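Here the structure is laid out as structure tokens; the discussion comes afterwards.
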Amino acid sequence: MGRPLGRLKRREDFLRVAAARTKRVAHGFVLQACPSPQSSEETRVGFTASRKVGGAVDRNKTKRRLRVAARHVLSELGKPGMDYVLIGRRGTATMAFETLEKDLRHAVIKISEPRRKKK
């Protein structure tokens, strides 16, 4: 596996990443990203799931699956010095884990690419 991941825990960090407005939407999650304000070479990640996902059991299962997928994917593909937030969606808890990992891998690669300017 790759390098260890840091964690985002404070609300201000989640709001800062959301304000950057860089995101990719997949069937099972939303991935947001922005450069870390610290001059760290650490890749940090945070997880959240709203009540739309379901009750506490469903939200916890969703976040648990996202944590494992992030450990596998972001530890090798995540850019150092970046903060990522994974937002669980209703289908995260029930979708195949291989699909979840594949979608996360694709989203991380796409979010790392520079955006093309519209003509």
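The values are calculated or read from the model by the stated rules, or taken from the named source; none is laboratory data. Because the structure is a prediction, the values reported are computed rather than measured. FYI the Cβ positions are ideal-geometry reconstructions off the backbone, even for glycines, and counts take in every protein chain you see.
General remarks:
To keep it simple, each residue is scored yes or no on (1) hydroxyl-bearing (Ser, Thr, Tyr); (2) modelled with pLDDT of 95 or more; (3) in contact with a Phe, Trp or Tyr (Cβ under 9 Å, 6 or more places away or on another chain); (4) closer than 22 Å to Arg3 by Cα.
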residue: Ala33; (1), (2), (3), (4): no, no, yes, yes
residue: Ser36; (1), (2), (3), (4): yes, no, no, yes
residue: Ala69; (1), (2), (3), (4): no, no, yes, yes
residue: Lys79; (1), (2), (3), (4): no, no, no, yes
residue: Met95; (1), (2), (3), (4): no, no, no, no
residue: Arg105; (1), (2), (3), (4): no, no, no, yes
residue: Val108; (1), (2), (3), (4): no, no, yes, yes
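- Unique residue being under 25 Å from Glu113 (Cα atoms), under 14 Å from the mean Cα position of the chain (by Cα) and not charged (D, E, K, R) when the list is Ser75, Ser40: Ser75
- Val53 touching a helix residue (DSSP H, G or I) at 6+ places or on another chain (Cβ under 8 Å), within 15 Å of Leu5 (Cβ to Cβ) and among the hydrophobic types (A, V, I, L, M, F, W, C): no
- Where a residue in the stretch 1-21 is under 16 Å from Gln38 (Cβ atoms) and touching a residue at least 60 places away in the same chain (Cβ under 8 Å) and its partner, wherever it lies, is aromatic (Phe, Trp, Tyr) and crowded, with 16+ Cβ neighbours inside 10 Å, with Cβ under 7 Å and at least six apart: Leu8/Phe14
- Filter result (touching a residue at least 60 places away in the same chain (Cβ under 8 Å) and loosely packed, with under 13 Cβ neighbours inside 10 Å) within the stretch 26-54: His27
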